[in-house]
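Some notes on the structure that comes next.
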Amino acid sequence: MTTMFVPRNIIVTGGCGFIGSNFVHYVVDHHPDVHVTVLDALTYAGNINNIKGLPEDRVEFVHGNVCDAALLDQIVPGHDAIVHYAAESHNDNSIADPEPFVRTNVVGTYRLLEAARKYDIRYHHISTDEVYGDLALDDPARFTEDSPYRPSSPYSSTKAASDLLVRAWYRTFGLRVTLSNCSNNYGPYQHVEKFIPRQITNILEGIRPKLYGDGRNVRDWIHTEDHSSAVWTILTKGRMGQTYLIGADGERDNITVLQDILRVMGKPEDAFDHVKDRPGHDRRYAIDSTKLRTELGWRPEHTDFEEGLRQTIAWYENHREWWEPAKAATEARYKRQGQ
Ligand code: NAD
Ligand code: TDX
């Protein structure tokens, strides 16, 4: 039997990033009794505007680093849960410079686990399907909670390391933890370095979209709101020490996604460039989310990918002021990498 956990006052790390800020909006919209403290270092990937306009009595912002143990001593007491989204999250950046990934993803998780242990509070860990490595295109298998850890990139290996710390803190110290490993998210507030926003904003800027390698790599897309509802479900109903895979049966190859974007934006389907492939590029991710669906009763709501994509494109068309400041520097960085 699962007992329900009723959070009242939670810390959301990385709440000014893409998925974390969508989760903060989700909590504000759906759970009026819950107060959120956002802890975010505002790296290049964090944007305070992502949580602007939310009621001040519901959402408090703390500017700081998850690696800062003294700061955690100040803010963690009085809260009843930490939901840990903060990370260095971009594979290409981890190939160019792995160090911040080791620091934030590994050491940062360690500090949060220690703070959760010291103040005896519930901890939920946000992770990725990439910890399981990749699958062949012709493999009928999908990842499950029992798949072996086989990360490929500096990014995914630091996420895998952080997952293992969480599992050890459960087993050794009895910390009340759950973990979730989600597939590729899309939706509003995603940084322009990532595949879908990069291509949409390229087209809006008159730049040709850039496809890595042959473009046949498969990602399993989920709308970020569905990720948020899944995390809430696991936070409140998940069994301690358990991992839940989050996915919405959204497997598509990159070239198909790009052609969808081009079509919706009124461009010819071949109006893109093939560029240098990512070193170690994972071929295919695919999630089997049976455990989350059958044990906790979760279902995704955004099951029409084309509709979700159209809404996402409209969001980027209507929020130029949000993404324009980051666009030129992002493209300059890609250009240096030959991508
Ligand atoms: P993001 O890069 O958009 O946001 C990361 C946020 O964390 C930013 O606001 C940044 O300022 C903050 N941050 C970074 N380092 C920090 C530090 N040391 N201390 C405090 N704050 C810090 O990332 P995202 O795409 O929203 O991903 C969020 C989480 O979800 C990550 O843990 C990622 O591994 C996981 N995840 C992402 C995806 C995806 O498709 N993007 C899929 C599965 C899991
Ligand atoms: O310009 C591009 N062209 C291209 O073909 C970019 C930026 C990417 N790609 C390809 C690489 C991937 O096959 O598109 C696919 C998606 O790339 P990203 O958006 O960089 O995502 P990915 O590497 O799959 O990782 C994402 O999902 C899992 C998130 O960034 C991670 O944080 C998450 O853990």
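One table, with the values for the structure above:
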read-out: Beta bridge orientation in the chain: antiparallel %, DSSP, nearest 5; value: 10 percent
read-out: Percent carbon-and-sulfur accessible area, the chain, ignoring ligands, DNA and RNA, probe 1.4 Å; value: 50 percent
read-out: Degrees, to the nearest 10: 224-237 long Cα axis against longest axis of the chain; value: 20 degrees
read-out: Per residue accessible area in Å² of segment 244-339, where ligands, DNA and RNA are left out and the probe is 1.4 Å; value: 49 Å²
read-out: Per residue accessible area of segment 1-58, 1.4 Å probe, in Å²; value: 47 Å²
read-out: Largest-first ordering by accessible area, 1.4 Å probe, given options 149, 316; value: 149, 316
read-out: 0 to 90° range, to nearest 10: angle between helix 320-336 axis and the chain longest Cα axis; value: 70 degrees
read-out: Dimensionless Rg over Rh [the chain; C-alpha; Kirkwood]; value: 0.94
read-out: MRE, 222 nm, helices only [DSSP H, n ≥ 4, -39500 (n - 2.57), over the chain, to nearest 500]; value: -12000 deg cm²/dmol
read-out: Packing-based order for 81-91, 259-269, using average beta carbon neighbours within 10 Å, highest first; value: 81-91, 259-269
read-out: Computed E for residue 69/residue 318 - FRET, C-beta separation, R0 45 angstrom, nearest 0.05; value: 0.65
read-out: Packing-based ranking, highest mean first, of 247-257, 130-140, 106-116 given that Cβ atoms within 10 Å are counted; value: 106-116, 247-257, 130-140
read-out: Label-to-label distance, nm, for residues given as residue 57 and residue 310 (7 Å Cα→Cβ offset); value: 4.0 nm
read-out: Debye, to nearest 20: dipole size of segment 1-127, +1 on Lys, Arg Cβ, -1 on Asp, Glu Cβ; value: 220 debye
read-out: Residues of segment 221-253 with amide N under 13 Å of a point placed 7 Å along Cα→Cβ from residue 117; value: none
read-out: Virtual spin-label span in nm between residue 214 and residue 44, 7 Å along Cα→Cβ; value: 3.1 nm
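The values are calculated or read from the model by the stated rules, or taken from the named source; none is laboratory data. Just so you know, these numbers come straight off a predicted model, no measurement behind them. Here Cβ is always computed from backbone atoms with ideal geometry, including for glycine, and neighbour counts include all displayed protein chains. Just the protein is used for accessible areas: all its heavy atoms, side chains included, with ligands, DNA and RNA removed. Shrake-Rupley method; radii C 1.70, N 1.55, O 1.52, S 1.80 Å.
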